[in-house]
Structure formats: C-alpha cells, structure tokens
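Here is the structure we will look at.
Please treat every number below as a calculation from the coordinates, not as lab data. In this text, all values refer to a predicted model and were calculated from it rather than measured experimentally. Backbone-built Cβ (ideal geometry, glycine too); neighbour counts: all protein chains shown.
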Amino acid sequence: MMQHAHIIGTGLSVPERILSNKDLEGIVDTTDEWIVRRSGIHERRISSPDRDETTTHLSTQASNRALEMAGVAPEDLDMIVVGTVTSDCQFPSTACMVQESLNADKAVAFDVSAGCSGFMYALNVVNNAIQCGTCRKALVVGVDRLSSIVNWQDRGTCVLLADGAGAVVVSSDPREGGILSSHLKSNGKLWDLLYSSEGNGYTPSILQGLSKKPYHLKMSGNRLFKQAIECLTSIAKTALKHNSLSSDEIDLVVPHQANIRIIQAMADNIGVPMARVFTNLHKYGNTSSASIPIALDEANRGGRLVMGKNVLLVSFGAGLTWGASILRWSM
C-alpha cells in the first residue's frame, strides 16, 4: 500500500537574546526605519556565549518539542536529517549530535547543506524514504546560527541574519494527504551571489564573546533579490501545476523568511493575498534553514494550520538552491 509522509509534530527553539534594530544603530551605519523599510525586520535572536545555545542545543530543544507534540519517543525514530550550514564542528554532523542528545539510537542521522533551503531539501529526503518504505518515522530539523558567520561591518547583511532552530516529526501513513509533492532546483553557476569567504574578525562590543566561524557570509544583494523572486515564483507555480491546484486553493503559504519585499513580490506573482501568507521575520529575522520550520510551528500552534487545508512551503538559498512543497495538512 502506498505510504504518505505526514507531519505530526512541530517545534521551535530560539535564543533568549534579542538584538533590536536600535541596537544595530550602534554597530553599523543604519537606522531602524531603513531596516524595516528594506526588509520588514524589527528584531532578531542571537545566541549568547554564556548560555547553552549551540546549534546542537537549539536543534535538540526544537526536536523535543516536536516529538512531544507528535507523541513519538526518540527511540522510535528511523531517520534524523538536519539542514544546516553552521554545525558546531566540521564533523560529525549536527544530526549525529542531536541523535546522541535525544538517545535516538535506532535512527540513521546525517546533515544536508543547501543554504536557506536546507530544511526543504531535508524534508524531501525523508518524504522519498517514506514513499520507498525504508522509513516510518523521521525527524527533520532546520537550524542555523548565522550570527557566527556575520560580517558585522556589512550593513547589507548583518541587519538581516539571526539564529534559531525548527523541527518537524514526519510519519508514514497510508491515508491520503501529508506531503503531496516536493520540487527542488539548484544552479551552481550563480554560487557567487551568496557564499562564505575566509576570515571573520570584528565583533561589536555589544556581542563580545560571540561564537564565530573562521569565515563570513558575502552577498550580492540586488542581484540575489531579483533572482530570489524569480526562482520562488517559478517553483511555486511548478508545485501548483503538478498538483492541479489554483492559487485560490492554497490556504496558507509558509515561505522562507528572508525579506518581506521578496515574500510580497512572490505572493503577488502567484496570486495569493498576503492575508494567506504566514510571516514572522519581523521578530526573528532570517534564520536560514530554520525559518520555515519555525514559521510552521508558530502557524500550527497559533491555529493557522487546519486539517485538510493546502499549505505551500517555498524556499530559496545559497547554491543557488530553491524548492517548494505542497502539503495537505493532517494534524
């Protein structure tokens, strides 16, 4: 019997420390008004060195909350897939570290690196495994601590990026619904629009002690902005066409939370009003791989996700990578 992948639990974890736009005015040449107008972001969460807010810790907290909602014990997991580009160490994978933290001894665990699309890529891996019959219950995590790779002297990027983790539990079930389809794309010829470069020195006094990687993020903002709108629009339309759905039949869009202007342009292009688009980047900023699962958890717990309704997930990230999935919500 054909098995379908259903999300049965969601969870999130964000650092306690809030870095506001006013705080950033003391770090780089910017203003609260400029940041809000350009991105829609008012504040973001940044990991603290004096708290246990590592990539592994944030992932584990989000995972425990998702597992609790799903009523699934860690030892029942067959697979753990984590989307991230900011693991605590080069190896082993964050997924293996989370496996150890959860005591999920039965699961196979590994990471996926796809920039901000990491969660979408990881979700697709699990969906395929469930359809193939090699997995019954899985944990999918999106997590990043972008504060560790921020160039705090670059006002074009440091005002956007933040830390956080989101997780979902996915279960195999013969009933219709769940993940209807997943669609992934990449274009390595455009890698230089968003990439990591060696060196990461300056840390503002307000963030002294911040855990940092030996590289920093570089972004070609204007070119990336246009490419993001084009790719998000195209992949969303592909997903709609594949499922013979019109924009009117999408009850909620949960996009990658990068920039409100990108989200608005994409929504307009596919004919979905912003009233049916979930956004929370105003309080979390761009958390990369974590943004969609964090938004899913807030939408779920806030009553925005209703059983039987159609949900469009759509993401875009470094690589370049982008992807979309349509779910028939089944919780």
query: Relative contact order of segment 60-207: what whole-number percent is it, with Cα pairs under 8 angstrom and at least 6 residues apart?
result: 25
Estimated inter-spin distance, Cys132 and Lys226, nm [label 7 Å along Cα→Cβ]: 4.0
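Kindly state, to the nearest 0.05, the FRET efficiency for Asp50 paired with Tyr195, given R0 = 35 Å and r defined as their beta-carbon distance.
Calculated transfer efficiency: 0.70.
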- request: State the Cα centre-to-centre distance between segment 155-192 and segment 99-128 in whole Å.
  value: 11
task: Normalising by the residue count of the chain, find the relative contact order in percent from Cα pairs under 8 Å and 6+ residues apart.
output: 26
message: Under a crude label model (7 Å from the Cα following the beta-carbon direction), how far is Ser101 from Ser20 in nanometres?
response: 2.9
- line: As a Kirkwood estimate from alpha-carbon pairs, the chain has a hydrodynamic radius in angstrom of 19.5
query: Antiparallel DSSP bridges in the chain: what percent, to the nearest 5?
result: 70
message: From the phi angles alone, apply the Karplus equation (6.51, -1.76, 1.60; θ = phi - 60°) to segment 229-238 and give each ³J(HN,Hα) in whole Hz, x where the residue is Gly or Pro.
response: 4, 4, 5, 4, 4, 4, 6, 5, 5, 4
task: May I have the extent of the alpha carbons of segment 117-183 along their three principal axes, as whole Å values ordered from largest to smallest?
output: 52, 20, 16
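How would His242, His4 line up from fewest to most surrounding beta-carbon atoms within 10 angstrom?
The fewest-first ordering by Cβ neighbours comes to His242, His4.
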- request: Fewest Cβ neighbours within 10 Å first, please rank Ser315, Ser147 accordingly.
  value: Ser147, Ser315
query: Rounded to the nearest 500 deg cm²/dmol, what is the calculated helix-only ellipticity per residue at 222 nm for the chain, with -39500 (n - 2.57) per DSSP H run of length n ≥ 4?
result: -9500 deg cm²/dmol
message: At 7 Å along Cα-to-Cβ for each site, give me the label-to-label distance between Phe91 and Trp34 in nm.
response: 4.3
